Amino acid sequence: MVTVAGAGPTGTAAAKRLQEKGWDTIILEEHSQVGIPVNCTGLISASGVEELNLRKEVEETLMNKIRGAQIFSPNHEMVEVKRSETVAYVINRGNFDRVLARGAIEAGAQLRLNTKLIDVRNETVFVEHKGRGEIVKTKLVVGADGVNSKTRNIMGIKTAFKDFVHAYQVVATGKFDPKYVQVFFGDYSKDFFAWIVPESEERARVGLASTSGNVRKDFSVFVSEKNISGEFCDKCSSLIPIGEPLKGIVKDNIMLVGDAAFQTKATSGGGILLGIEAARILADSIDNHLRNNAPLKNYEKNCSTLNNELRLHWKIRQYMNQKNEDQMDALFRKMNKAKVGEFLSQFGDMDKPSRFVGKIMTKPSMWRLFPEAVKFFRT
Ligand SMILES: Cc1cc2nc3c(=O)[nH]c(=O)nc-3n(C[C@H](O)[C@H](O)[C@H](O)COP(=O)(O)OP(=O)(O)OC[C@H]3O[C@@H](n4cnc5c(N)ncnc54)[C@H](O)[C@@H]3O)c2cc1C
């Protein structure tokens with residue numbers, strides 16, 4: 001038996017794959033329903049959806065199709081990335097989690113709601129179910145329990161306040177261009193950015209993350225500066241892990257996946273698709289362990305290609321965070337002269353930056369960015 005703590009996308013993806021490989025799996029979810037509360041914008045890349053074969057799950061939960069992004073510097077320089085085809089989907093995140101959970105259950109996984117992992121000692125998991133203590137006997141434990149992972153604490157992995165940004169998001173009503181995501185850099189969003197992700201012409205997910213310590217105040221500065229009004233419903237506030245993917249994510253019979261393991265893109269905070277990719281690597285590593293006695297720690301090695309992408313996201317984030325508002329404006333001006341928008345429209349990839357970083361210097365218009373590239377690689 002494998003016990004998975006957390007019925008988010010990574011927990012249910014791991015459970016489904018384990019069941020398909022023939023291993024009994026139980027998912028513990030502390031809430032009374034899967035997919036509640038929603039702390040997410042629900043923007044995922046079309047390329048990732050194809051690669052992970054999630055088209056059906058997305059069709060069931062689709063709210064909008066996105067063709068590109070308008071990215072603004074603090075002083076309103078804009079870099080525009082545009083494609084004629086869909087580059088990303090906006091999904092109903094709560095429904096998406098429920099569809100993935102249904103897939104895991106159909107594959108044979110058990111789901112126990114209202115059941116919170118409290119502690120793990122060897123092959124015993126201590127849980128709280130409706131206020132009562134219970135135990136679950138298990139061979140392996142997967143911590144897919146999100147950004148504030150209890151499992152990570154139990155493994156003794158330390159994180160600090162600086163390893164997270166605080167996000168605040170509302171669903172706003174107003175007038176929006178449904179085809180484009182907007183991203184804004186500015187002092188109101190220290191070490192991150194603000195976003196407008198349209199659900200339709202009339203509704204958008206408007207949010208911001210920062211490390212200032214007062215994200216609600218940052219958010220009100222942003223919305224008043226951008227003149228965003230209308231009714232704010234569905235407010236949410238949560239942390240996003242921003243850093244390198246964690247090391248030491250296998251200890252004895254316990255493993256981490258998803259936000260719990262910092263398998264999140266440090267550029268955008270997105271963790272749904274790369275988390276699901278990691279969950280499948282995890283399930284395959286567990287299968288190889290149970291079937292062939294391969295070391296569980298192989299999971300970490302098997303994540304190395306994914307981790308290279310995540311480290312590149314982290315490098316880009318560190319490079320951006322060094323810049324003040326004036327430097328960011330100057331960078332955007334240089335990017336526009338170098339036709340970065342055109343380049344990203346042709347080669348950009350939201351999830352896997354290695355797919356375009358290597359191509360940057362192959363375009364003559366981009367050569368003017370050479371000094372910035374040197375600074376980037378020295379970061
Ligand atoms: C404001 C915001 C916007 C975001 N927007 C995007 C986006 O547009 N695109 C994107 O890709 N990513 C986005 N993300 C990140 C994305 O939400 C996460 O990366 C993703 O949810 C990680 O999935 P997970 O399964 O690892 O964790 P989670 O989705 O957090 O799931 C963890 C589950 O574990 C349960 N749980 C926690 N502790 C216990 C316990 N002790 N016992 C039992 N159950 C427990 C929780 O209830 C939860 O159901 C956003 C995050 C935030 C905060």
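Rounded to two decimals, the Cα-based Rg/Rh of the range 35-135, with Kirkwood Rh, is 1.16.
Using only alpha-carbon positions in the range 268-327, the gyration tensor eigenvalues give semi-axes of 34, 11, 6 Å once each is multiplied by 5 and square-rooted (largest first). Extension gain for ASP326-GLU20 works out to 104.9 nm (0.36 nm per residue, less the C-alpha to C-alpha distance). Pairwise Cα distances in the range 195-244 exceed 12 Å for 70 percent of all pairs. As a ratio to 2.2 N^0.38 Å, the alpha-carbon radius of gyration computed for the range 167-322 takes the value 1.25.
Pull out the extension gain between CYS236 and ASN308, defined as 0.36 nm times the separation in residues minus the alpha carbon to alpha carbon distance; nm, one decimal.
Numbers: separation 72, 0.36 × 72 = 25.92 nm, distance 3.08 nm.
Stretched fully, the CYS236-ASN308 segment lengthens by 22.8 nm.
Computed over Cα pairs, the Kirkwood radius of the range 232-379 leads via Stokes-Einstein (1.567 mPa s, 4 °C) to a diffusion coefficient of 74 µm² per second.
Filter the GluC sites (Glu not before Pro) in the range 52-98 to those in DSSP coil with at most 10 other Cβ atoms within 10 Å of their Cβ, and list the result.
Details: sites: GLU57, GLU59, GLU60, GLU77, GLU80, GLU85; in loops: GLU77, GLU85.
Within the range 52-98, the qualifying GluC sites (Glu not before Pro) (loop, at most 10 other Cβ atoms within 10 Å) are GLU85.
Within the chain, antiparallel bridges make up roughly 70 percent of the DSSP beta bridges whose residues both belong there. Averaged over its residues, the range 287-367 has an accessible area of 54 Å² per residue, based on protein heavy atoms and a 1.4 Å probe.
Considering only alpha-carbon pairs that sit under 8 angstrom and 6 or more positions apart, the relative contact order computed for the chain is 19 percent. Atom-type composition of the exposed protein surface of the chain places 49 percent of the accessible area on carbon and sulfur (1.4 angstrom probe).
Whole-percent P(r), the chain, all Cα pairs, 10 Å bins from 0: 5, 23, 33, 24, 12, 3, 0. Here the spin labels are modelled as points 7 Å beyond Cα on the Cα-Cβ line, and at ARG291 and MET1 they lie 2.4 nm apart.
How large is the translational diffusion coefficient of the range 309-379 in µm² per second when you combine the Kirkwood radius over alpha carbon pairs with Stokes-Einstein at 10 °C and 1.306 mPa s?
On the way: Rh = 12.7 Å.
Answer, rounded: 125 µm²/s.
Expressed in Å, the radius of gyration and Dmax of the Cα atoms of the range 119-194 are 19.9, 55. Suppose R0 equals 30 Å; then what is the FRET efficiency for THR379 and GLU85 from their Cβ-Cβ distance, rounded to the nearest 0.05? Here the calculated transfer efficiency is 0.35.
The values are calculated or read from the model by the stated rules, or taken from the named source; none is laboratory data. Small disclaimer: the values here were computed from a predicted structure and weren't measured. Ideal geometry is used to build each Cβ from the backbone, glycine not excepted, and the neighbour counts take in all protein chains shown. Side chains included, ligands, DNA and RNA excluded: accessible areas come from the protein's heavy atoms. Shrake-Rupley method; radii C 1.70, N 1.55, O 1.52, S 1.80 Å.
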